[in-house]
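Encoded as structure tokens, the structure appears first; notes follow it.
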Amino acid sequence: MLDFEEELRKFHPSIEVEDAQETIFSQDFTDIADALIKILDKAKESGE
Amino acid sequence: MICYKCGCTLSEKDYCTGCGADVGMYKKILFLSNRYYNDALEMCQVRDLSGAIVSLKQSIKLNRNNVDAHNLLGLVYFEIGEVMEALGEWVISNSIRSEKNIATDYIRLISENQTQFDAMNQNLKKFNQALEQCYRDSLDYAIIHLKKVLSAAPNYLKAHQLLALICIRLEDWEKARHELEKCMAIDSKNIITMRYMAEVEAVLTPVDDGHVRSKKTKTEEQKRGTYTYKSGNDTIIQPVHKRQPRALTVLLSIGIGAVVGLAVAYFLILPAKIVSVEENSSRTIAAVSEEKDKITADYDSLQHNYNKILVDNEELNEKLKAYTGSEGNVGATDSLMLAAKTYIENPDSISEIARCLEGIELADSMDDTDKSESYRALYNKLMELTSERLSEYYHKLGYDSYKNDDFEGAIPNLQRAYKYNRSDGEALFYLAKSYEKTDQIDKAKEAYVEVINSSPDTERAQKAETELARINSQY
């Protein structure tokens, strides 16, 4: 049987217009490509 | 695909032909990102939007500059009703590449119609309110809000799922399944939808010995208050949670609300109204009573005046009668004048004078103040001239009547004889006897006493004493 309270906790409020800007710009945009470039740069520096 | 270092277009080589940078790994990451994007695209084609979202997020995690992934993710979000998330993805996409980007058109489409944009935002607020009401266990209100949300945004997946969850909570299984089928139509592989659906299906189509139960069997079990299903090798018998139909609940709520409203009206509003009406009535009654009292007082005053006028009128009539009637002063005066005239014309006609004077006998009983001085003087003068002869005249008449045993007729004449001559004791004696004969004993006694007093030591007085003693012994 489903636990109603437990399932309810999985629902989050929708983002409203007033909060949209903050939500969008507070995201972490770092991707794997950025991480790889940093690693390659560090490896190159240590190799030199 | 461009070099992350110099911006040159990369070739099939693992290094940049422009700057010589090692781009083998970098290219693999970008390829992987594109692969995820392609997977997401395929998932979208079979409406596996949840899977598409996961893949697109992976794609963006690998390459944040994957504009197509951002755009597609925005579209998927928009399809499941998450407008702000969609807008966020398109804004990021637009910031990465502002030219020749479909995201710009998407943003413009959404934001150019302000009314529609406000309606979307209001819809999101309503969903959040519904969620808040779920936290407070106000499920009925939450259902109402969610239905409003879904009427404006039929593809809002989260709202459908929440509504289905509430239905499951209320054990309205058919409705829950109906909502979950809508969820499946929007997003065919959503894990939450599938889990809820499995729960609902487990209740609605329980399996017994590997066979799907017939509706008849289900009904029989519901009558028993249980239902049975298999979980692995175990047969589970679970009580059915009966719940009152929603319509009945709503009707009951309306009925209770109406009763409470009537009770409030009856206990709070109606008494105040009654008091107000009673106050108005009291004021009206007081005013009417005051008016009635005034009218009654006026009537009493008028009645009093009327009675006084009647009394006055009666008195005046009496006085008028006294003056004008045969027994009044006018009549007495006329009789006296006639008697005087008769005497002047013939002084010896005593019978005629007596007849005239009988007309004023009643007037004699009247108060002397009612008679004038000249009347009294004339009367006294006439009496001086005629009283002795009048007494003799009446004495004779009375005695004759007495002798003839006409006692009733004798009495007035003997009274007149004694009135005109107070020394006529004989007339008084016969008057007493006449009274006795006519059974006027008291008057007879008085007359005998008067005979004794008026002529004491006479034979007549002795007779009167004897008669008086006899009467006293008899009565």
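Numbers below:
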read-out: Within segment B:171-205, tally of residues that are in a loop (DSSP other than H, G, I, E, B), away from chain A (no Cβ under 11 Å) and either at positive phi or surrounded by 20 or more Cβ atoms within 10 Å (Cβ to Cβ) (or both); value: 2
read-out: Qualifying residue in segment B:21-33 (condition: without any contact (Cβ under 8 Å) to a residue 60 or more places away in the chain, aromatic (Phe, Trp, Tyr) and in contact with a Leu (Cβ under 7 Å, 6 or more places away or on another chain)); value: yes
read-out: Hits in segment B:103-137 - residues which are surrounded by 15 or more Cβ atoms within 10 Å (Cβ to Cβ) and either farther than 22 Å from B:Val91 by Cβ or among the hydroxyl-bearing types (Ser, Thr, Tyr) (or both); value: B:Thr104, B:Tyr106, B:Lys126, B:Gln129, B:Ala130, B:Leu131, B:Gln133, B:Cys134
read-out: Segment B:80-103, residues that are touching a Lys or Arg at 6+ places or on another chain (Cβ under 9 Å) and in a helix (DSSP H, G or I); value: B:Ile92, B:Ile96, B:Ala103
read-out: Output for segment B:43-93, where each listed residue is of a type in the set (Phe, Trp, Tyr) and either at pLDDT below 90 or closer than 19 Å to B:Cys183 by Cα (or both); value: B:Tyr77, B:Phe78
read-out: Test: residue in segment B:122-145 that is more than 10 Å from chain A (Cβ to nearest Cβ), of a type in the set (Gly, Ala, Ser) and either within 29 Å of B:Asn66 (Cα to Cα) or touching a strand residue (DSSP E or B) at 6+ places or on another chain (Cβ under 6 Å) (or both); value: no
read-out: Helices (runs of 4 or more DSSP H) enclosed by chain A - at least 3 residues per element that are within 7 Å of chain B (Cβ to nearest Cβ) and over 29 Å from B:Ser33 (Cα atoms); value: A:4-9
read-out: Output for segment B:134-182, where each listed residue is of a type in the set (Phe, Trp, Tyr) and without any contact (Cβ under 8 Å) to a residue 24 or more places away in the chain; value: B:Tyr135, B:Tyr141
read-out: Matching residues in segment B:40-51 - criterion: being away from chain A (no Cβ under 14 Å) and within 12 Å of B:Val76 (Cα to Cα); value: B:Ala40, B:Leu41, B:Met43, B:Cys44, B:Gln45, B:Arg47, B:Asp48, B:Leu49, B:Gly51
read-out: Segment B:184-206 residues that are over 17 Å from B:Ile53 (Cβ atoms), paired with ones that are among the hydroxyl-bearing types (Ser, Thr, Tyr) and at pLDDT below 90 (beta carbon under 9 Å, 6 or more apart); value: B:Ala202/B:Tyr229; B:Ala202/B:Ser231; B:Val203/B:Tyr227; B:Val203/B:Tyr229; B:Thr205/B:Tyr229; B:Pro206/B:Tyr227; B:Pro206/B:Thr228; B:Pro206/B:Tyr229
read-out: Residue check, B:Gly74 outside any helix (DSSP H, G or I), in contact (Cβ under 8 Å) with a residue 24 or more places away in the chain, within 14 Å of another protein chain (Cβ to nearest Cβ) and surrounded by 23 or more Cβ atoms within 10 Å (Cβ to Cβ); value: no
read-out: Lone qualifier among B:Ile107, B:Ile166 - being of a type in the set (Val, Ile, Thr) and within 11 Å of another protein chain (Cβ to nearest Cβ); value: B:Ile166
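Here is a yes/no grid of residues against (1) out of contact with any Cys (no Cβ under 6 Å at 6 or more places or on another chain); (2) under 18 Å from B:Asp187 (Cβ atoms); (3) within 13 Å of chain A (Cβ to nearest Cβ):
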{"site": "B:Thr9", "(1), (2), (3)": "yes, no, no"}
{"site": "B:Lys13", "(1), (2), (3)": "yes, no, no"}
{"site": "B:Gly20", "(1), (2), (3)": "yes, no, yes"}
{"site": "B:Leu30", "(1), (2), (3)": "yes, no, yes"}
{"site": "B:Ser33", "(1), (2), (3)": "yes, no, yes"}
{"site": "B:Asn38", "(1), (2), (3)": "yes, no, no"}
{"site": "B:Ile53", "(1), (2), (3)": "yes, yes, no"}
{"site": "B:Ser59", "(1), (2), (3)": "yes, no, yes"}
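The values are calculated or read from the model by the stated rules, or taken from the named source; none is laboratory data. Since the structure is predicted, the reported quantities are computational estimates derived from the model, not experimental observations. A quick note on method: Cβ atoms are made from the backbone with ideal geometry, for glycine too, and the neighbour counts reach across all protein chains shown.
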